[in-house]
């Protein structure tokens with residue numbers, strides 16, 4: 001199971017509990033549902049960015065090539081930094097679910 005699939009499943013579970021009015025703690029069902037919407041927006045944005053990076057047009061390729069040349073001169077590539085950032089965001093989002101049996105220890109933030 002990928003970390004994105006794991007997160008989507010946990011968000012779905014949280015939404016289901018909130019819809020039944022079972023949230024636990026001090027959170028209201030409305031708060032839980034709002035957090036679920038927020039998490040889905042983040043996941044959707046990250047997935048859209050990943051897809052667009054994989055299917056860029058010629059202008060985008062040119063700009064990336066130019067960026068790569070600059071990055072080569074200055075250090076780590078923008079693409080590499082982007083991948084690291086996405087991984088860090090996903091790991092941070094999964095952390096509250098670290099007690100779940102499907103949570104993988106390699107998802108712990110570094």
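Would you confirm whether any residue within the range 23-32 is out of contact with any strand residue (DSSP E or B) (no Cβ under 6 Å at 6 or more places or on another chain), under 28 Å from residue 87 (Cβ atoms), modelled with pLDDT of 90 or more and surrounded by 16 or more Cβ atoms within 10 Å (Cβ to Cβ)?
Yes, because at least one residue in the range 23-32 is out of contact with any strand residue (DSSP E or B) (no Cβ under 6 Å at 6 or more places or on another chain), under 28 Å from residue 87 (Cβ atoms), modelled with pLDDT of 90 or more and surrounded by 16 or more Cβ atoms within 10 Å (Cβ to Cβ).
Taking the range 26-41 as the search range and keeping residues that are out of contact with any helix residue (DSSP H, G or I) (no Cβ under 7 Å at 6 or more places or on another chain) and assigned to a helix (DSSP H, G or I), which one is farthest from residue 14 (Cα to Cα)?
Residue satisfying both the conditions and the ranking: 41.
Go through 94, 69, 78, 53 for me and flag whichever is surrounded by 10 or more Cβ atoms within 10 Å (Cβ to Cβ), modelled with pLDDT under 90 and touching a helix residue (DSSP H, G or I) at 6+ places or on another chain (Cβ under 6 Å).
Result: 78 is the single residue among 94, 69, 78, 53 that is surrounded by 10 or more Cβ atoms within 10 Å (Cβ to Cβ), modelled with pLDDT under 90 and touching a helix residue (DSSP H, G or I) at 6+ places or on another chain (Cβ under 6 Å).
The values are calculated or read from the model by the stated rules, or taken from the named source; none is laboratory data. Remember, predicted model here, so these are calculated numbers, not experimental data. All Cβ positions, glycine included, derive from the backbone under ideal geometry; neighbour counts span all protein chains shown.
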